[in-house]
1. Can you tell me which condition L155 does not meet? The list is (1) over 26 Å from S42 (Cα atoms); (2) under 16 Å from the mean Cα position of the chain (by Cα), and all the others hold.
2. So which pairs qualify, if the first residue must be in the range 94-108 and within 14 Å of W64 (Cβ to Cβ), the second must be among the acidic types (D, E), the Cβ gap must be under 9 Å, and the two must be at least 6 apart or on different chains?
3. Quick test for you: out of S120, S130, pick the one residue that is free of Cβ contacts under 8 Å to residues at least 12 places away in the same chain and under 27 Å from A171 (Cα atoms).
4. Within the range 21-42, how many residues turn out to be more than 14 Å from the chain's Cα centre (by Cα), surrounded by fewer than 20 Cβ atoms within 10 Å (Cβ to Cβ) and either among the polar types (S, T, N, Q) or not in a strand (DSSP E or B) (or both)?
5. What number of residues within the range 200-230 are over 16 Å from the mean Cα position of the chain (by Cα) and closer than 18 Å to G183 by Cα?
6. Please find, within the range 211-230, the residue that is nearest to E161 (Cα to Cα) out of those that are at pLDDT below 95 and aliphatic (A, V, I, L, M).
7. In the range 177-191, is there at least one residue being in a strand (DSSP E or B) and either exposed (fewer than 14 other Cβ atoms within 10 Å of the Cβ) or touching a residue at least 12 places away in the same chain (Cβ under 8 Å) (or both)?
8. Can you find a residue that is over 20 Å from L226 (Cβ atoms) and modelled with pLDDT under 95 anywhere in the range 141-152?
Amino acid sequence: MAFRAVFGAKNRRHPIRVSFSALLRVTDDDRYVLFDSPARPSSYGPPGGVLKIHPPAVRILESWGFQPDRTVEGANRMKGDLRGILPADSLRAFQEWFDTAAYRESATECLRRELREEMSEVGLGSPGSSIGSLTFDPIRTVREGPSEVPGKPYLQLRNFEVYELAMRTPAAIRLRRDLVEAGHDEERPGVICAGFADIAHGRLGRALIAPQSAFLAGSTRLTADLPSLR
């Protein structure tokens, strides 16, 4: 209701880009483990990514005018991502559906899947079947927008759920140890350990740091978005 009151009836078809993600915080004292991003080469961000929808959600989202946002470069990887364009008058229904958790990944499912994919991408190899036993503790949820995006014809609403590994199993303890060791190993350039000052600056040496990394430490974005490959 507040959203419609702000934008008024004449803008009910105003496009809104939505993106809902889960991020994993892995720390070593005052450092945060970050992975190289294939969508933004030489930039590093937290493990995790956009939640996926399940097939029954496709028709529901289509009924609200949802249009998936995909790039040519990342089309296969982005298939099923909960990221796209909605008309403004569908936003309330979309958010109510999201809150039911129906026909979409949970944050736990998303983080397990992303760890499988991303650990291989950054050169750490497959984490094996033990990944299925991992659980995660919530840290915070950061919601941005809807707000204007410079140079874009839409408003943007983004939701970031931040979690950390629950250190309750040997598998979780080993995984955290392996990720931290990789972040400090110069022979593994796909993983770094960055401090908060590095995140606020947006760079560690030659590595750019993605702005969502700031949500590992707080609820405020500190640097501008980095463009993805298209």
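The values are calculated or read from the model by the stated rules, or taken from the named source; none is laboratory data. Fair warning: this is a prediction, and the values are worked out from it, not measured in the lab. Glycine gets a Cβ as well: all are built from the backbone with ideal geometry, and neighbour counts include every protein chain shown.
1. Checking L155 against (1) over 26 Å from S42 (Cα atoms); (2) under 16 Å from the mean Cα position of the chain (by Cα), the one that fails is (2).
2. Short answer, once both residue conditions are applied: none.
3. S120
4. Final tally of qualifying residues: 4.
5. Summing the residues that are over 16 Å from the mean Cα position of the chain (by Cα) and closer than 18 Å to G183 by Cα in the range 200-230 gives 7.
6. Among those residues, the one meeting the criterion is L222.
7. Looking through the range 177-191, at least one residue is in a strand (DSSP E or B) and either exposed (fewer than 14 other Cβ atoms within 10 Å of the Cβ) or touching a residue at least 12 places away in the same chain (Cβ under 8 Å) (or both).
8. There is at least one residue in the range 141-152 that is over 20 Å from L226 (Cβ atoms) and modelled with pLDDT under 95.
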